[in-house]
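Data first, discussion second: the structure below is written as C-alpha cells.
What follows draws every value from the coordinates through simple rules; no lab data is involved. Please read all numbers here as calculations on a predicted model, not as lab measurements. Backbone-built Cβ (ideal geometry, glycine too); neighbour counts: all protein chains shown.
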Amino acid sequence: MKMSSLKHILTALAVAVLSAGCNPGGQLKEEFMETEDLGLTVGYYSILKYAPLTHQLCYNESRNEFRITDDTMANYFIITCYDSPSSNSSVKADIIYTTDSDTKRKEGITFEVTKMDDSGKIWLWNNKNRIGAVVQILH
C-alpha cells in the first residue's frame, strides 16, 4: 500500500472518530426532549425549572410570548416568538433569561418546535446555542 493511500485512510478514520464523538448538541437535544418539566435549559445546565408553588407561568397570545418567573421576579426567562409555534416547524424568537450573575439576551434565533402535546406544552430547541425551553400555552 502506498504511503499517500495510507494517509488518506488514516485521515478519513480520524475524521469519522472525531465526528462521532463531537456531537453533544444532538445528545443534548435528545436529553432535553425527555424532560416533562416546564423551564429553560442552556447546554448541560437547567437555568430555571417551573414549580407551581414558587413560580408564575404566563402566556400572552397576542405577542406570542411565554414567560416563567419566580415569585421574587429575580429569576426568569421570556421567549417572544415572531409567529405562533406550530408542530414540526421552526420559529424565530427573542429570548432573555437570568443566570446566577447576569442577564442574557439573544435576538432572532431560530427554535425548532420539536414536540407539542394536547395540553399546550411546547418543546423549543435551538441547536446553535444549545438552548431548550419547555413552555405552555395557557387557555
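Sparsely packed loop sites in the stretch 81-139 (the chymotrypsin sites (Phe, Trp or Tyr not before Pro) outside DSSP H, G, I, E and B with at most 13 other Cβ atoms within 10 Å) comprise TYR82.
A straight chain from LYS92 to TYR59 at 0.36 nm per residue would run longer than the Cα-Cα distance by 10.2 nm. Each residue of the stretch 92-100 was assigned a 3J(HN,Hα) from its phi angle through the Karplus curve 6.51 cos²θ - 1.76 cosθ + 1.60 (θ = phi - 60°); the sequence is 7, 7, 9, 9, 10, 8, 9, 10, 4 Hz, with glycine and proline shown as x. With a Förster radius of 22 Å applied to the beta-carbon distance between TYR82 and ASP118, the computed FRET efficiency rounds to 0.35. Other residues lying with their Cβ under 15 Å from the Cβ of TYR50 contribute a combined charge of -1, Lys and Arg counting +1, Asp and Glu -1.
With R₀ set to 25 Å, the beta-carbon distance separating GLU31 from ILE109 gives a calculated FRET efficiency near 0.80.
For the stretch 24-136, the Kirkwood radius over C-alpha pairs fed into Stokes-Einstein at 10 °C and 1.306 mPa s yields D = 114 µm² per second.
Label sites at ALA74 and THR99, each approximated as a point 7 angstrom past Cα along Cα to Cβ, lie 1.8 nm apart.
Considering all C-alpha pairs of the stretch 78-139, those separated by over 15 Å amount to 47%. This model, with +1 at the C-beta of Lys and Arg and -1 at the C-beta of Asp and Glu, gives the stretch 24-136 a dipole about its Cα centre of some 360 debye.
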